[in-house]
1. What is the sum of charges, Lys and Arg at +1 and Asp and Glu at -1, for the other residues whose Cβ falls under 14 Å from the Cβ of Thr109?
2. Name the helices (complete DSSP H segments) of the chain with a Cα length along the long axis of 15 Å or more and a Kyte-Doolittle mean of at least -0.5, or state none.
3. Compute the length gained on full extension between Ala194 and Ala206: take 0.36 nm times their separation in residues and subtract their Cα-Cα distance, giving the result in nm to one decimal.
4. Would you mind calculating the relative contact order of the stretch 75-307 from Cα pairs under 8 angstrom and at least 6 residues apart, reporting the percent as a whole number?
5. Residues with amide H under 5 Å of Asp58's amide H, sequence separation 5 or more or different chain, H placed in the peptide plane at 1.01 Å from N; which?
6. Show me the three semi-axes of the equivalent ellipsoid for the stretch 63-174, from the C-alpha gyration tensor (sqrt of 5 times each eigenvalue), largest first, rounded to whole Å.
7. From the Cα trace of the stretch 75-307, what convex hull volume per residue do you get, rounded to a whole Å³?
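Every read-out reported here was derived from the displayed coordinates using simple, explicitly stated rules and does not represent laboratory data. Here the structure is a predicted model, which is why all the values come from computation and not from measurement. Neighbour counts run over all protein chains shown; Cβ positions are idealised from the backbone, glycine included.
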Amino acid sequence: MSEAVRARPALAPPRPAVAARRRKRRDHGWLFVLPALLVSASVVLVPAAATIALAFTDWDGIRAPAFVGLANFLDLVADRRFWTALSNNLIYTAAFTTLPFAIALLVATLLMTIRRGRTAFQVVFFLPATIATVILARVWQGMIFSPVTGLFAALQQHGIAVADPLADPATALYGVMLVDMWHWWGFLTVIFFAALRQVNRDLIDAAVVDGAGRLQMFRHVLLPSILPTLMFMLLMTVIWSFKVFDWVFVLTEGGPGYSSEVLATMAYSDAFQSFQVGRASAGSVAMSLVGLAAIVTYLRLQARSERL
């Protein structure tokens with residue numbers, strides 16, 4: 001009897017039935033994802049496809065678009081203003097991926113040593129990120145940089161010679177960057193501090209037992225633990241630096257003499273001032289390609305780190 005029971009094969013569902021159930025689950029999963037895909041397609045893919053299509057046309061926003069092939073892209077490459085805007089974007093990106101990151105990492109690490117008042121510091125650091133860009137830019141423009149009504153005017157009255165950086169072609173871009181960095185490093189500080197608080201406490205305690213100093217703790221324990229957060233924020237900083245528009249437009253409108261022009265303000269000027277929508281679309285496509293390259297690089301680095 002026992003031998004017969006052992007000889008009896010175990011009951012298992014037939015393979016075709018299992019495969020059918022799995023296919024049914026996958027089909028149902030697509031139904032849950034479908035609404036999000038439709039929203040993304042309507043608000044992202046359709047405008048993106050329209051922009052790419054317009055980049056190959058000559059259109060003033062009123063008449064029917066006329067296909068011109070690569071003429072808009074060739075016109076951009078031959079335009080010195082385009083290369084000035086591109087170089088300004090590169091300077092903007094290089095500055096924002098170094099100085100604000102270093103300051104934010106330092107301050108976030110120092111916050112880890114504070115037991116009381118952390119929340120108040122975080123509120124102060126994060127507050128500029130919650131205020132509208134236009135308001136902050138106007139405050140800096142009228143109450144700090146202005147040689148008539150701002151802080152610089154008061155300094156000049158006391159014999160301290162300071163010039164409005166936004167009025168000088170040599171310093172206009174750096175003046176805009178100063179204002180943007182002022183609001184950006186605090187945001188990064190809060191993000192990095194939140195990541196540092198999630199570091200495994202056992203790793204920190206083990207490093208303390210092994211006699212690690214503050215620098216060694218940061219280099220070998222804290223920094224590797226928050227590396228995914230750093231890489232993601234680096235990606236977002238690159239993308240946001242190349243699509244920066246509001247700070248430049250409010251503070252300088254790309255001037256004086258295109259010295260602070262970036263690709264976004266150039267595209268805006270082409271579309272809404274010169275009514276060259278096709279050329280503006282070509283500039284927007286060029287700007288998006290940089291962001292796409294940054295995303296691809298980030299995904300490849302992330303995939304490589306997962307394999308290690």
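1. Every neighbour counted, the sum reads +4.
2. 15-40, 80-96, 99-111, 118-130, 172-197, 227-242, 277-307
3. Answer, rounded to one decimal: 2.2 nm.
4. Taking the mean separation of contacting Cα pairs over the length of the stretch 75-307, I get 28 percent.
5. Excluding prolines and chain starts, which carry no amide H, the hits are Ala66, Phe67, Val68.
6. 37, 25, 16
7. Convex hull of Cα atoms, per residue: 157 Å³.
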